[in-house]
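Heads up, the thing below is written out as structure tokens.
The values are calculated or read from the model by the stated rules, or taken from the named source; none is laboratory data. Remember, it's a predicted structure, so these values are computed and weren't measured experimentally. We place every Cβ from the backbone using ideal geometry, glycine too, and count neighbours over all the protein chains shown. Just so you know, the surface numbers come from the protein's heavy atoms only, side chains and all, with ligands and any DNA or RNA stripped out. Shrake-Rupley method; radii C 1.70, N 1.55, O 1.52, S 1.80 Å.
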Amino acid sequence: MNIRFGFDLVLDFPARTPLVLLLHTRPEVASYVHKSQEIQTDPAVALAPFIDSYGNFATRAVAPAGRLRLSLESVCGVSGEPDPIQPDARQHTVDTLPPDALRFLASSRFCESERLLDLAWSRFGQTRPGWDRVQAVCDYVYHHLRFDYSQARPTRTAFEAWDEGVGVCRDFAHLAIALCRCLNLPARYATGYLGDIGVPPDPQPMDFSAWFEVYLGGQWHVFDACHNARRIGRIVMARGRDAVDCAFLTSFGPHFLRKFNVITEAVAPVEDHRKAVAATA
């Protein structure tokens, strides 16, 4: 299956402003992308790519004072299968975890696990360690939080989401991550494209999506506390401790978002497009 993905963003800057962008797919996704992921800017702005400390494809830029448009459109191949399930994936003891996983046990800006420790162990301490325990966390977060775009707040933490009982996809992910870390399960934040493929269309405008991944049985596994279902067609843009590490735009100065359009939709395979073009030539 091929997925057309991209964005069209328009921002206003009161003054010349340095930026860091996370608007490409992760480097390991590159071999599945069939078209260039060159970011178009209007007016023209110099872009300096680099790989950040979490392995994300990042870009530095300096926005001029005034209006700046950022856009991209590409096509990525995906399996067309739902997120894989591995119910027997075991939980590692902390002393046997690989060093790179240890940082995903610690509290972070939006996942203050120390405030949820008693809740986590009282509610999930008797669950089967491993996949079942993570799924129990997903079930709890899915039913405890109410999804509401109108209640979105960029400063809401995992504890605040739990306390308020409301949030958007990033809040569902943050709360699930924080609870998993309380239970000594390495959990990391992931963001990217997730269209309405294989599910009823959502009337809300398309947005970047957030989910999380947990280290079990020697590898990272996808979980989604917001939808609490195995979905088709995830395209990963960034991974990190929480939304701070995965922000699509970090602005070192004030800015105002004027337009925000995200594209994620299934399309015919590239070969089918070539055949169609050949047939009309």
Can you name the number of the only condition in (1) of a type in the set (A, V, I, L, M, F, W, C); (2) out of contact with any Asp or Glu (no Cβ under 8 Å at 6 or more places or on another chain); (3) surrounded by 24 or more Cβ atoms within 10 Å (Cβ to Cβ); (4) assigned to a helix (DSSP H, G or I) that residue 162 fails?
-> (3)
Residue check: is residue 123 within 13 Å of residue 185 (Cα to Cα), of a type in the set (Lys, Arg), open to solvent by 90 Å² or more (accessible area, probe 1.4 Å) and not in a loop (DSSP other than H, G, I, E, B)?
-> no
Filter pass, residue 152 being of a type outside the set (Lys, Arg), open to solvent by 10 Å² or more (accessible area, probe 1.4 Å) and within 17 Å of the chain's Cα centre (by Cα) = yes
Go through the stretch 194-256 and tell me which strands (runs of 3 or more DSSP E), entirely inside it, have 2 or more residues that are open to solvent by less than 50 Å² (accessible area, probe 1.4 Å) and under 21 Å from residue 33 (Cα atoms).
-> 209-216, 235-240
Test: residue 25 is under 24 Å from residue 217 (Cα atoms) and either within 19 Å of the chain's Cα centre (by Cα) or surrounded by fewer than 17 Cβ atoms within 10 Å (Cβ to Cβ) (or both) = no
Residue 92 passes all but one of the listed conditions (1) open to solvent by 70 Å² or more (accessible area, probe 1.4 Å); (2) in a loop (DSSP other than H, G, I, E, B); (3) at pLDDT 95 or above; the exception is number (1)
Criterion violated by residue 71 - all others in (1) polar (S, T, N, Q); (2) touching a residue at least 40 places away in the same chain (Cβ under 8 Å); (3) open to solvent by 80 Å² or more (accessible area, probe 1.4 Å); (4) farther than 30 Å from residue 228 by Cβ satisfied = (3)
Tell me, which residue of the stretch 28-71 that is of a type in the set (Val, Ile, Thr) and under 25 Å from residue 258 (Cβ atoms) is farthest from the chain's Cα centre (by Cα)?
-> 45
Reported set for the stretch 257-268 where residues are polar (S, T, N, Q) and either open to solvent by 20 Å² or more (accessible area, probe 1.4 Å) or farther than 22 Å from residue 173 by Cα (or both) is 261
Output the strands (runs of 3 or more DSSP E) that fall wholly within the stretch 1-89 and possess 2 or more residues being polar (S, T, N, Q) and modelled with pLDDT of 95 or more, or say none.
-> 40-42, 66-77
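Can you spot a residue in the stretch 2-11 that is out of contact with any strand residue (DSSP E or B) (no Cβ under 7 Å at 6 or more places or on another chain) and on the phi < 0 side of the Ramachandran plot? Walk me through it before giving the result.
Step one: of the stretch 2-11, the residues out of contact with any strand residue (DSSP E or B) (no Cβ under 7 Å at 6 or more places or on another chain) are none.
For the stretch 2-11, residues out of contact with any strand residue (DSSP E or B) (no Cβ under 7 Å at 6 or more places or on another chain) and on the phi < 0 side of the Ramachandran plot: absent.
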